[in-house]
Amino acid sequence: MYEAEVNRTVESIQTLPLEIRKRFTELRDRIVARTVLPWGEHCTECVWPTCYTTCELYSPRKDGACRQFVDGMVRIDHKEGASPYLLKIQFKQWGKLWTVGNVRLQSPSQALRSEKFNIAIGAIGWAAPFPSSVKPRVLTKINYLRRQSAVNARPGSAFPDSFLLECYNPSALDLAATFTIRPSILQAPQPFQTMIRLTSGYTCSRVAVSEISRRVDLSQPFEVEIVPNDAENAVLIFGMMDFVKERQPLQAAVAETKQFKCIVWDLDNTLWKGTLIEDGPEKVQVHAGVVDVIQQTDQRGILHSIASKNNFEDAMKVLRQHGLEEYFLYPQINWQPKSQSVERIAQSLNIGIDTIAFVDDQAFEREQVRTVLPQVGTIDAADCLQLLARPECNVPVTTESSNRRLMYRQQRQREAVLQAHPEDYLGFLRDCRMEVRINRLNRNNLKRVYELAQRTNQLNFSGNRYQESQLVDIIGSDFLNTYVIDCQDRFGSYGIVGFGVVDRREPRLLDLMFSCRIQSKRVEHAVLAFLLNRHLSETGRDFHANYRKTAKNAPGGKVFEEMGFEQVAEHHGVLSLVFKRGQEVPDDRIVEIKNGVDEPCKAPI
């Protein structure tokens, strides 16, 4: 695990207090896999090799390198813990712990064998009868090979949960250390950096891989450093200093199955056989079965995109050659971590991250996305042909679902027009010439309303998930008025984007839901204005509304406040709102309403 000189002192664990020894054993049964990083001493201001002749702090070790720890890295045997030994380090000025490596995890037994092997190789190097002029070069070569082995190790199928650091600070003063990870490649982006508190006594700190991965691609080699702050001559004893995967507690409940709104595909050895950058566009072969899955799910209204580490133009050329380019919205073909690509796709499509599935043949990439974005459904490419049978893809085929991809492409045209109105968003909406037609729920539009009720989250103000049988009952009700909302603009049709239910006896809005496609387009404002005008004039009474506020629908729920509703009560998480008769109904006249409701609102029962 840790690179260290073998001629250092090996101390007994008995020198540590009993309660501290016990603390260093707590992780033994929780760590299911960890890295083996070759830690060594280094300098925060290193300008090797010129610093050996210009730096007043240069203190040579036996191998000629500069000693930045007073006694080197002193190993303390500790067979009972998660790692076989501890490291006692007294930092000199500008001294830091430093390593290179990768996130290749090993089982605890494998890690133990690797560490014993490293110790044995180091011992052989120190004990070998080399001339004093040769031995430093031999030891330097051993250390170099150990680091290269760590850098070149390919990530395995498992992905770590966190970087874990155990430390015992024997002083009475709390200390802090700067923890930094940066890619080993040149011209890399800004590194990940955070502060770890090393309080007096035992500390176990975790830095989530999900946070690190937002800045650093852990599938590539990296450097790690731990630098105590303002702590010259500080003595610290370190235990685990590795990326780890820990045993997770059993979950008490099974998560609700959510329907996929978008499937994000890898390319190499997933959408096609072969690796584009190695085999070239002429040799890669598109999987016919995968294409069939994409086409059938596309008909169901499930969108598709790409997260691939490739050259953008080369990959798009292959897609165009096979007539597949049109299926993929906002493709992310770059060299960034795939979790970042998935996040960008969700933002571009304006859908929840928990409605995305990610398909990749590499276990590392799936685990990287799962770690950073645990809400995303990750699927092995070997299982992708079973997607059609999965419950998350079991959605009805409607006119709107089969045209959903086209609607998103039309949305990109709208975005282009929006660029011409950078400071006048309402002017942009007026330029779109939006039109809403409102009809009653009937047998012809029931399936689309059912699909809408199952899928919408951000603009579902009741949280109800109607089944088809329930919608049939609503059609037959004597006192419920239904409103099915269809929208279009000069670029094309959005299809059916909303559904509302009003109990005319009070009157009270029981349900109102919209597709996220029309979010922030003032459609919800126009529909509420229509309902208010209709029911206030027919009943002459205050208009009430139910609103079950959630984290997801809270931004859209501001429409009630903007329209003049006030909260009057709350019962079991449902807010009761009221719009008083006599209030002026706001209407910015951005959206034109066409009333297709067959019957006028009946008098209250």
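Here are some notes:
- Flag for SER477 being more than 25 Å from ASN533 (Cβ to Cβ) and free of Cβ contacts under 8 Å to residues at least 24 places away in the same chain: no
- Tabulated pairs, segment 17-30, first within 15 Å of PHE238 (Cβ to Cβ), second assigned to a helix (DSSP H, G or I), C-beta under 7 angstrom, 6+ apart or interchain: ARG21/ILE13
For (1) modelled with pLDDT of 75 or more; (2) buried (at least 18 other Cβ atoms within 10 Å of the Cβ); (3) outside the structural domain of ASP71 (by TED's automatic domain parsing); (4) among the small types (Gly, Ala, Ser), each residue gets a yes or a no:
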{"residue": "ARG182", "(1), (2), (3), (4)": "yes, no, no, no"}
{"residue": "ILE185", "(1), (2), (3), (4)": "no, no, no, no"}
{"residue": "GLY201", "(1), (2), (3), (4)": "yes, no, no, yes"}
{"residue": "GLU225", "(1), (2), (3), (4)": "yes, yes, no, no"}
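- Each residue in segment 494-518 was checked for being part of a helix (DSSP H, G or I) and either of a type outside the set (A, V, I, L, M) or touching a His at 6+ places or on another chain (Cβ under 8 Å) (or both), and 2 pass.
- Residue identified as on the phi < 0 side of the Ramachandran plot, at pLDDT below 90 and either under 17 Å from the mean Cα position of the chain (by Cα) or acidic (Asp, Glu) (or both) among ASP279, ASP314: ASP279
- Of the criteria (1) at pLDDT 90 or above; (2) within 15 Å of the chain's Cα centre (by Cα), which one GLN347 fails: (1)
- Among (1) touching a residue at least 60 places away in the same chain (Cβ under 8 Å); (2) out of contact with any Phe, Trp or Tyr (no Cβ under 9 Å at 6 or more places or on another chain); (3) assigned to a strand (DSSP E or B), the one test that SER171 misses: (3)
- Single residue of segment 500-525 satisfying the filter (surrounded by 23 or more Cβ atoms within 10 Å (Cβ to Cβ) and of a type in the set (A, V, I, L, M, F, W, C)) that is farthest from TYR483 (Cα to Cα): VAL523
- Residue satisfying all of: in segment 484-499; touching a strand residue (DSSP E or B) at 6+ places or on another chain (Cβ under 7 Å) and aromatic (Phe, Trp, Tyr); surrounded by the fewest Cβ atoms within 10 Å (Cβ to Cβ) among these: TYR494
- Some residue of segment 541-548 being of a type in the set (Lys, Arg) and in a strand (DSSP E or B): yes
- Selection count, segment 280-322, where residues are among the charged types (D, E, K, R), surrounded by 15 or more Cβ atoms within 10 Å (Cβ to Cβ) and farther than 19 Å from SER341 by Cβ: 2
- Any chance VAL578 is surrounded by 14 or more Cβ atoms within 10 Å (Cβ to Cβ) and over 27 Å from TYR450 (Cβ atoms): yes
The values are calculated or read from the model by the stated rules, or taken from the named source; none is laboratory data. Since the model is a prediction, treat every value here as computed from it, not as a measurement. Neighbour counts run over all protein chains shown; Cβ positions are idealised from the backbone, glycine included.
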